[in-house]
Amino acid sequence: MEPHEEKPIIYTMENKPIVTCAGDQNLFTALYGSLTQQLPREPMEWRRSYGRAPKMIYLEANFVQFKEELLPKEGNKALLTFPFLHIYWTDCCDTEVYKASVKEDMQRWQAALRLHGSVDWLIAVVESDNKKKNKTNILPRTSIVDKIRNDFCNKQSDRCVSLCDPLKESSRSQESWSSFLMKLRTLLLMSFTRNLGRFEDDMRTLREKRTEPGWSFCDYFMVQEELAFVFEMLQQFEEALVQYDELDALFTQYVLNFGAGDGANWLGSFCQPVRSWNGLLLRRPIDMEKRDLIQRGEASLLDLRSYLFSRQCTLLIFLQRPWEVTARALELLHNCVQELRLLEVSVVSGALDCWVFLSCLEVLHRIEGCCDRSQLEANSSHTVGLWTYATEKLRSLGDLCGLVSENGPNSEDLNKTVDLLAGLGAERPETGNYDEITPYKKLKEALSSVEAFEKHYLVSVRSLGDPQSAENFLLDSLKSYVYLQTSALLASDTNLSDEERRHFCQEILTFASQTAEGKGQQKDARVALSMSSVTRLQELCFRPSSAMVHVSAALLLELRLCSLMPVPVTLEHISASIHFTEEQPGSTAQKRAAQNPDGTVTFPAASPASASALELCEMLEHSPSDNTLSSAGLACRNMHLLMRRNDSATSLDTPNTALTALALEDGAQMLRASDVTLSPGNNSIIFTAPVRISLDSQTGLCAMLGRVQLVLPHLYPVVQYEVYSQEPQLSIQPLTVSHLVCVVVSEHLLAGLPQQVKFTILTGHYSVKKGDALQLSNTDSMPVLHSSTRSARILSSSAGQRTSALSIQSSEKVTSISLPVTPPYHTLEFLLDVLCHIPSCPARMESERLTNGQISHRTRSRTRFNSGMTLIDQKVSVDCPWSIYSTLVSLTFHVPFKVKHSLLSVGRRKFIQVCLQNVSDTNFRLTNQTLTENQHTPSLELLSLNTTTHSLVFRQQCVFSVWELRWSGVSPVSLHCEFSASFAPADAPDAALKPYRYHFTLERVSIRPAEGEQDCRTGALCRLEVSLTRLSEPSDSDEEYSDTDGLRTTRLLYEVIDNNSNWAVCGKSSGVVSMPVAAMATHKVHMEVMPLFAGHLPFPSIRLFKYLPHHASPVIPPDTDSCLENDSLSLDDQAETASLRSRGSVQSLGSGESAQPRGPMPKRQAFGPGQVFNGTQGQQVLVLPAADHHLMEVNVT
């Protein structure tokens, strides 16, 4: 790395394995949320080499766009920036498109991977049934996948996977998605294991070169720490700690060798004089300042040791082993002093004392931050060493600076103090976040005056306690313990009389009620006895009996025990320790084999240790000289179980030592029942267990009886219960509406009318707090209609339901719904009014982004052919407070009407007929049917022939409206018309009327007869004029462009045929034309045709294709779900017999027909359905018979 290059900041746990994504980025963006959210849900078994035990890990990934710069360069060993997997995304389902563009892009992608030696890749082919059914030249479903596998996968066919509509909720889609996630986890884990193994081999090779000249410990340190960062990223803290321990041991060995006269050259950099002694820094996850010093080879011995210990401390805290931190810290401080002497490092007098004092207090403060006061008091033995060492160094500083002398410090002492304070530097911000005075301020204040020094020194001494008092307490406790243990055994012995048993029991109660003050003992000192001498456990019952509950549910534990005491004994409280583990619920059923079906666990009458049998083994010793047998004997393998005392694990002077140690080191918590009275004989105690996501085990019991503590360190058999969690879920569904007049139930959302949708939130383990809100992205095509009187229902299986107010606020881009406070595992329901506008003249929308950064989804329209209804898909992006990812919800609206128009002729009079069909199951009232001409042609008049303005349209019925078209002078070339009406449900008031519009266009077309003729005749040539008109500009992805003299054009292929043999096309019947890329651009083609029969003949069929040159890449045919443009195809003429043909927008589902190719042809590609409209479809031309010029000779006789 060059000196001027900025070093990246390393965040260990925030890092994730990198996965690059190439191909269709819009496709991947649509799947990104589901992919990142569901990938880490299932664990994977990670098996590593060298016989290491397998581990269950949850894989996450950082998905980034593929760039060749991300591929690892030669010699780059970094794992945190290494892309472990490369995915190519495509939804291509057209073989022509695949051959011309997608295949070439894949080849470039794989060439880049091969160039950088990347062998971990995957091709994901997303298949959509909606897209495939709109294509006309695709092969069966697996054809594209098979081609990709043949072209790229060779013997690795599993590297190409097929996804079927992953955003749908069908079983087939979910099965495909689950299979893909499993494949992705497997490949990612394989790549991770292989690359990690290669990295470890390289690291091992580098370590083996440590005897070579030029080897640097600092360089090797950065390499092995990279491995530790990777383990920490996977939350394998134990493995990460091993890496730092190995570095610690390696450096220590080199220092010891240096002291023995075998020094390494690189150790010279650590022999530089100590200029800073500001102590350990444990509040940062990573001390980047010291890490940079190590990376540059400029770190001192104290810098290296401080950074190394800070990383070890962080990992030990993650592993919930805080007391190991204190032990390691004490060892570190003593070793550093010795290492400085071995390396002969120059240190200012008193500097090491300052460093040790600050480091001791920093460690103590770090431990106090992760443990509560009771844990600290119970484990004071772990911290007393640090307090002692800190006190010793503070006293040494007092002697050095003259703060303990009778006359106070002199000028020389003051100079020493100034030098020591200068080496401390400025106080670091990370050390100033304590509730009390910081170690830095303590030392600075202690060295400032004699009075301040005495104050802080006395505080340190008091933290250690009084040694004489502790000794007296230990002796008294020993005497008390022996007597109390004997009294407990006698009080529970049924062979003695009741009076004798009560006497010994009273001895225990009397001691328990006494206070420890006045005897030289510590306050609240207690004596621990074995609980087995006072009570006998019988059963433990779970309620519910399955011992499986979800988070926040109630779990009751009933402990049944028999009191061996002859009188009732009142306990202050009885506690059971609970150990939490992160195993998956349901995976440890075999571990709860001791639990009966009714939820009870029976405890054996005797301890398993006392019932153990002898395990003997033969011991033979042979002479080393002649290998003859010299001795033989037997050894007991389980002697430690047979010979141990039952109370050897308990303490005499500390409360619940065994349980507290377990609580602190293994993350245990307590169940507690207070004021419990144990009567002689059988008793029952009820506990309410805490629940969180884990497998919880009861490990021991502890009862408090004044100064007496009854302890049972371990329960046998092991008692366990499981706690599981459910993720919050959001669903949006249409609300079923009943129209009472017609007694019809609508199961669909209808476009054009206000509709209610039902929001259902299953809170799961999440608790909806005050201020939580759903953020809905607004779209112009579907606004949210809200009112101030909305309410929500909160449902519970146990507490019934209640109603709460709902607050809705809307802005230009976002609608915010403030949720009421809802407990976990409840159902929250509320209704919302939405209105989906019916597009009157749909146009292609530009790409927009939602407020959460996702690509906005176009309104998708499609046709349900079995019902004739047009569907509009609306995508709503919802931001939920319980997730950082956005949820994409699809709502499908049904257009209730289907409209088609036709042009009618009676002589020379022209009529426009509009047919509106109700294709829904709802009855509507239709009013104000009007037809207008948008260009406002002055010579044109539309005369309505409709008798009524109000119509009742029943379901599956049609309403016809007719207007007469009148004009003066020459008939117009084209007319742009708009049909509009107002509609509402039949029983709705007038205020509920909503507008409906339908656009269509009329143009003049015809066939011109031969010159000199007024009509077309059979056998005579007629002139056919084909007019091609582009209605709107295409998008860049629709067609292949070419520039000629600054004019941007696209090439189209036309074909004129007649399948009914009514016409004979004379001359060239097909050709290629260049169409300008501009709205309303028109190109006309002329040719000659000959009618073969007389009568009213239909126009010849005209077909239109995209023309693809040899060098061009075919593009994907536009999908009618997203493309709403129409090209037009018209025939035009100027003759008197000219007729007017009509062309409607795509909303007219019966007014035209898409061009269908006869078969596959080279260098041509069909338009999608609805993109080309044949205006002469269904029109006819009058053809007269040919004139008879034959002479008939008649003889009259």
Stokes-Einstein, Kirkwood over Cα pairs, the stretch 221-320, 25 °C, 0.890 mPa s; D in µm²/s equals 172 µm²/s
Of all the accessible heavy-atom surface of the stretch 330-419, with the other protein chains kept in place and a 1.4 Å probe, what percent is carbon and sulfur?
45 percent
Summarise the accessible area of the stretch 872-928 (1.4 Å probe, protein heavy atoms) by the percent that is carbon and sulfur.
46 percent
Provide the solvent-accessible area of Ser810, counting protein heavy atoms only and rolling a 1.4 Å probe, rounded to the nearest 10 Å².
60 Å²
Hey, what's the stretch 370-419 come to in accessible area per residue, 1.4 Å probe, Å²?
56 Å²
Going by amide H atoms built from the backbone, whose H comes under 5 Å of the H on Leu753, apart from near neighbours?
Cys836
Would you mind working out the accessible area per residue for the stretch 287-350, using a 1.4 Å probe, and quoting it in Å²?
37 Å²
Pseudo-spin-label distance Thr186 to Lys209, built 7 Å along Cα→Cβ, given in nm, is 3.8 nm
Got the relative contact order for the stretch 143-236 handy, in percent, Cα pairs under 8 Å and 6 or more residues apart?
13 percent
At a probe radius of 1.4 Å, what is the per-residue accessible area of Tyr88, in Å² to the nearest 10?
10 Å²
Regression test value, accessible area per residue of the stretch 898-1005, probe 1.4 Å, units Å², expected 48 Å²
Taking the Cβ-Cβ separation of Leu735 and Glu45 as r and a Förster radius of 41 Å, what is the calculated FRET efficiency to the nearest 0.05?
0.35
Grab the other residues whose beta carbon is less than 15 angstrom from that of Asn928, score K and R as +1, D and E as -1, and report the net.
+1
Explain nothing, just compute: Karplus ³J(HN,Hα) = 6.51 cos²θ - 1.76 cosθ + 1.60, θ = phi - 60°, for every residue of the stretch 896-907 in order, whole Hz, x for Gly and Pro.
x, 10, 10, 10, 9, 10, 8, 10, 10, 10, 10, x
Those trypsin sites (Lys or Arg not before Pro) in the stretch 894-986 that DSSP places in a loop and that have at most 12 other beta carbons within 10 Å
Arg908
Leaving ligands and nucleic acids out of the surface, order Ile294, Ile317 by accessible area at 1.4 Å, largest first.
Ile317, Ile294
Quick one: what are the phi-derived ³J(HN,Hα) couplings along the stretch 1069-1076, Karplus 6.51/-1.76/1.60 with θ = phi - 60°, whole Hz, x for glycine and proline?
9, 8, x, 10, 10, 9, 9, x
Can you give the FRET efficiency for Gln506 and His714, using 1/(1 + (r/R0)^6), R0 = 35 Å, r = Cβ-Cβ distance, to the nearest 0.05?
0.70
Environment charge of Ser448, counting only residues whose C-beta is closer than 15 Å and scoring Lys/Arg +1, Asp/Glu -1:
-1
Enumerate the calculated ³J(HN,Hα) couplings along the stretch 58-65 in order (Karplus 6.51 cos²θ - 1.76 cosθ + 1.60, θ = phi - 60°), each rounded to whole Hz, writing x wherever the residue is Gly or Pro.
9, 8, 10, 8, 9, 7, 10, 5
Calculate, in nm to one decimal, what Thr827 and Thr803 gain on full extension: separation in residues at 0.36 nm each, minus their alpha carbon distance.
7.5 nm
Accessible-area order for Glu392, Glu69, largest to smallest, probe 1.4 angstrom, reads Glu69, Glu392
Search the structure for amide H atoms under 5 Å from the amide H of Lys910, placed 1.01 Å from N in the peptide plane, and list their residues when 5 or more places away or on another chain.
Leu965
Considering amide H positions built from the backbone, and no H for Pro or chain starts, which residues 5 or more places from Cys1066, or on another chain, come under 5 Å of its amide H?
Glu1088, Val1089, Met1090
What FRET efficiency would be calculated for the residue pair Asp419, Glu344, taking the C-beta separation as r and a Förster radius of 22 Å, to the nearest 0.05?
0.60
Solvent exposure ordering (accessible area, 1.4 Å, most first) of Lys442, Lys99:
Lys99, Lys442
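The values are calculated or read from the model by the stated rules, or taken from the named source; none is laboratory data. On a predicted model such as this, the values are computed, not experimentally measured, just so you know. Methodologically, a virtual Cβ is constructed for each residue, glycine included, from the backbone with ideal geometry; neighbour enumeration extends over all protein chains shown. Surface areas here come from the heavy atoms of the whole protein model, side chains and all, with no ligands, DNA or RNA. Shrake-Rupley method; radii C 1.70, N 1.55, O 1.52, S 1.80 Å.
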